[in-house]
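The values are calculated or read from the model by the stated rules, or taken from the named source; none is laboratory data. Here the structure is a predicted model, which is why all the values come from computation and not from measurement. In this analysis, Cβ positions are derived from the backbone assuming ideal geometry, glycine residues included, and neighbour counts consider all displayed protein chains.
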Amino acid sequence: MAKMTRFGVSLEEGLLLNFDKKIAKAGYRNRSAALRDLVRKFLNANSSAAPEDKVFAIVSMIVRSSPEILGELAKAKRKLNGFIKGSQIVHEENEYFLDLTILYGKSEEVSLAAEQLTSIKGILSSQTQFADTKPPCHK
C-alpha cells in the first residue's frame with residue numbers, strides 16, 4: 001500500500017456540511033476516503049497519460065434507434081475490434097438506446113477510437129471517461 005500523507009484543507013462551513021451529507025449518502029467511511037476518490041477521479045479525468053501509455057476508456061452514447069445508424073455503429077465497432085474489450089446496449093425507449101463500449105490500448109489510439117465512435121451521425125450525446133492502467137498514486 002502507498003504511504004499516506006496527512007494535510008489540512010480549509011472549506012467554508014456550508015460547503016463542508018453539504019460535502020458531509022453527500023459522502024454519508026454515498027456510503028463513504030469518512031472524509032479522507034471521499035477525498036481520495038475525488039482526487040483519483042480528478043486525475044483520471046485530466047489524465048496525463050503519454051501517447052504510448054495503456055488506458056481504459058468507457059464510451060457511453062445515447063443513440064437514435066434506426067437500421068442505418070445501427071449499421072454504421074456496427075461497422076465502426078468491427079473496424080475498432082482490437083480496442084474493444086466489452087460492449088453493452090440498453091434499450092429503454094423504442095426510439096433511443098444507450099450503448100456502453102469499453103476500449104483498451106495506447107492512450108493516443110484509444111482517444112482516436114473513441115472519437116470515431118462518438119462522431120457517427122445519429123449519436124445524440126456521448127461521454128468518454130478514461131482510466132490510466134497505473135493509478136495516479138503509483139506513478
**Report entry** All positions within the range 82-128 that are closer than 25 Å to Asp37 by Cβ, touching a residue at least 60 places away in the same chain (Cβ under 8 Å) and either surrounded by 14 or more Cβ atoms within 10 Å (Cβ to Cβ) or not assigned by TED's automatic domain parsing to the domain that holds Pro67 (or both)
**Finding:** Ser107, Ser126, Thr128
Query raised in the report: Any idea how many residues of the range 11-45 are modelled with pLDDT of 85 or more and more than 19 Å from the chain's Cα centre (by Cα)?
Result: 20
Report summary line: Taking the range 6-20 and the residues there that are in contact with a helix residue (DSSP H, G or I) (Cβ under 9 Å, 6 or more places away or on another chain) and over 16 Å from Asp37 (Cα atoms), the one that is surrounded by the fewest Cβ atoms within 10 Å (Cβ to Cβ) would be Leu11
Query raised in the report: Consider Glu52 against the criteria (1) under 25 Å from Ser107 (Cβ atoms); (2) part of a helix (DSSP H, G or I); (3) over 16 Å from the mean Cα position of the chain (by Cα): it satisfies all of them except one. Which criterion is unmet?
Result: (2)
Query raised in the report: Which of the residues that make up the range 1-39 are in a helix (DSSP H, G or I) and of a type in the set (Val, Ile, Thr)?
Result: Ile23, Val39
Report summary line: Checked the range 21-40 for anything more than 17 Å from Met4 (Cβ to Cβ) and exposed (fewer than 13 other Cβ atoms within 10 Å of the Cβ); matches are Lys21, Lys22, Ala24, Lys25, Ala26, Gly27
Query - Contacts under 9 angstrom Cβ, first residue in the range 53-67 being on the phi > 0 side of the Ramachandran plot, partner surrounded by fewer than 14 Cβ atoms within 10 Å (Cβ to Cβ) and modelled with pLDDT of 90 or more, 6 or more apart - result: none
